Amino acid sequence: MVNRPLLSNRPSWLRIPEPGDFRSPVHDKRVVARLGLFLGAAILILFVTGLISHLHQHPVSWLPFGPEPVWAYRLNQGLHVAVGFATLPLVLAKLYTVYPQFFVRPPVTGWQHALERASVGVLVAATVFQIVTGILNVFKLYVFGFSFTGVHYATAWLAFGAALVHVGIKLPVMFRAFAAGARNLDSDDPGPDRSPNGDATDGTTRRGFLGSVAVATLFLTALTVGQTVTPLRAVALLAPRDPFDGPQGLAVNKTARGAGVEELATAEDWALELVGPAGTSHLTRADLLAMSQHEAVLPIACVEGWSASARWTGVRMRDLATLSGGRPDDPVHVVSLQEAGTSYATSDLPGSYVAHDDTLLALTLAGEDLDLDHGFPARIIAPNRPGVLQTKWVSRLVVGNAA
Ligand code: HEM
């Protein structure tokens, strides 16, 4: 009351607008509700697929993943990154539709309103943060000075929690908006050329706006998803990675030079140290090649979303487990030539993976010796597993509980 005369004396371009000043029908609750539904579904998919990826890398005994279906991790992480990209236009459109609400006065009317506004603040900040850092990460632009995975994981809980609170509070409004929208998105009162308060507008229609958002989302998806759905590779103009661009026709994330293993991996005296219940033995590459070889067509499915199938041959892990005196389904701890303690220098193969027909200590790729950047002299390849766990430049296998 006290401020009102002062505000109204301001020149019009300095006057703080009110929600009713925004005349476009795209700010209508029916548009807001529809975008909210798509965004909510996207956040749910991102949270679940992200959690699955996390659990592959940090397994828990009560929810073990197995090697079947072979393609599951590839689909999971491809979906995560594809939906991640698609979320960008959805978030921008949603922010545009709701921004008049920033000018609601008074800004807070009670505890429920305060909770709602706080959850929206956390939701917007966390989602925008996930999108920006997620996209920078898949383009390998590590401009942020923190570990992406840890922070992305923590922020995922914030985003998901805030989304749950927001949806819980807004559910009645959403139902009402959908009931109204179901009658007719464009012709329902106020009409297509009317703002939510009934004023004439610039002619934008709700349906037209939602259609443009859908086209932008599909367009962005089509231009990026070829890094996972390889038949669409030719149109993947914005995809961060061509999965077939690399030595032996397969992309590489970490090179031998980057991992600091060039010298050790090409040393004449390299031999695999096999530790098991029967003791420790050493197998040269010639020894490994003399064992029964098995071929498997399996994808490298990167945590960054790209994936590509390739033809690998090598020794079945279960043959190595039994050779070491263990059982064919004993778990195996894998150690690489990378410096101990560096990322992905070790990995663990649970018993179900060791026993699988296609879990190999791979020695060749596409019919040739493994390229150094693909893990020469020997690497792990197993079904339904993130690329970061397909340990390269293997130096040691520890079978069962042998230490
Ligand atoms: C609300 C949005 C998002 C949520 C809730 C979410 C959630 C998650 C979670 C829980 C993980 C597992 C982290 C871990 O392994 O500890 C993950 C991983 C990942 N996310 Fe997201 N994410 C979101 C958006 C995005 C976007 C937009 C992108 C990029 C387009 C993206 C790219 C990635 C990548 C590349 C990983 C793998 C990280 C790694 O293991 O190295 N995410 N996400």
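The values are calculated or read from the model by the stated rules, or taken from the named source; none is laboratory data. Because the structure is a prediction, the values reported are computed rather than measured. Glycine gets a Cβ as well: all are built from the backbone with ideal geometry, and neighbour counts include every protein chain shown.
Only one residue in Thr127, Thr97 is touching a helix residue (DSSP H, G or I) at 6+ places or on another chain (Cβ under 6 Å), within 11 Å of the ligand (Cβ to nearest atom) and either farther than 19 Å from Val48 by Cα or at pLDDT 95 or above (or both), so which one is that?
Result: Thr127 is the single residue among Thr127, Thr97 that is touching a helix residue (DSSP H, G or I) at 6+ places or on another chain (Cβ under 6 Å), within 11 Å of the ligand (Cβ to nearest atom) and either farther than 19 Å from Val48 by Cα or at pLDDT 95 or above (or both).
Just need a number here: residues in the range 18-38 that are assigned to a helix (DSSP H, G or I) and over 19 Å from Lys170 (Cβ atoms).
Here the count works out to 3.
Which one of these is away from the ligand (no atom under 14 Å from the Cβ), of a type outside the set (Asp, Glu) and touching a residue at least 24 places away in the same chain (Cβ under 8 Å): Pro89, Pro69?
Pro69
Condition first: in a loop (DSSP other than H, G, I, E, B), free of Cβ contacts under 8 Å to residues at least 12 places away in the same chain and in the same structural domain as Ser212 (by TED's automatic domain parsing). Can you find one or more residues in the range 134-141 that meet it?
There is at least one residue in the range 134-141 that is in a loop (DSSP other than H, G, I, E, B), free of Cβ contacts under 8 Å to residues at least 12 places away in the same chain and in the same structural domain as Ser212 (by TED's automatic domain parsing).
Any idea which of Phe102, Phe178 is more than 13 Å from the ligand (Cβ to nearest atom), in contact with a Lys or Arg (Cβ under 9 Å, 6 or more places away or on another chain) and assigned to a helix (DSSP H, G or I)?
Phe178
Those residues that are on the phi < 0 side of the Ramachandran plot, crowded, with 20+ Cβ neighbours inside 10 Å and not in a strand (DSSP E or B), I need them from the range 373-388; list them, please.
Of everything in the range 373-388, those that are on the phi < 0 side of the Ramachandran plot, crowded, with 20+ Cβ neighbours inside 10 Å and not in a strand (DSSP E or B) turn out to be Asp373, His374, Phe376, Pro377, Ala378, Ala382, Pro383, Arg385, Gly387.
Looking only at residues in the range 39-66 that are over 30 Å from Leu95 (Cβ atoms), touching a strand residue (DSSP E or B) at 6+ places or on another chain (Cβ under 9 Å) and in a helix (DSSP H, G or I), which one is nearest to the ligand (Cβ to nearest atom)?
Here the residue is Gln57.
Can you give me the number of residues within the range 249-258 that are crowded, with 18+ Cβ neighbours inside 10 Å and not in a loop (DSSP other than H, G, I, E, B)?
Adding up the residues that qualify gives 1.
Give the residues of the range 153-174 that are under 30 Å from Arg241 (Cα atoms) and surrounded by 15 or more Cβ atoms within 10 Å (Cβ to Cβ), sorted by residue number.
Going residue by residue through the range 153-174, those that are under 30 Å from Arg241 (Cα atoms) are 153-160.
Listed by number, the residues that qualify are Tyr153, Thr155, Ala156, Leu158, Ala159, Phe160.
Taking the criterion of being surrounded by fewer than 17 Cβ atoms within 10 Å (Cβ to Cβ) and away from the ligand (no atom under 16 Å from the Cβ), would at least one residue in the range 132-152 satisfy it?
yes
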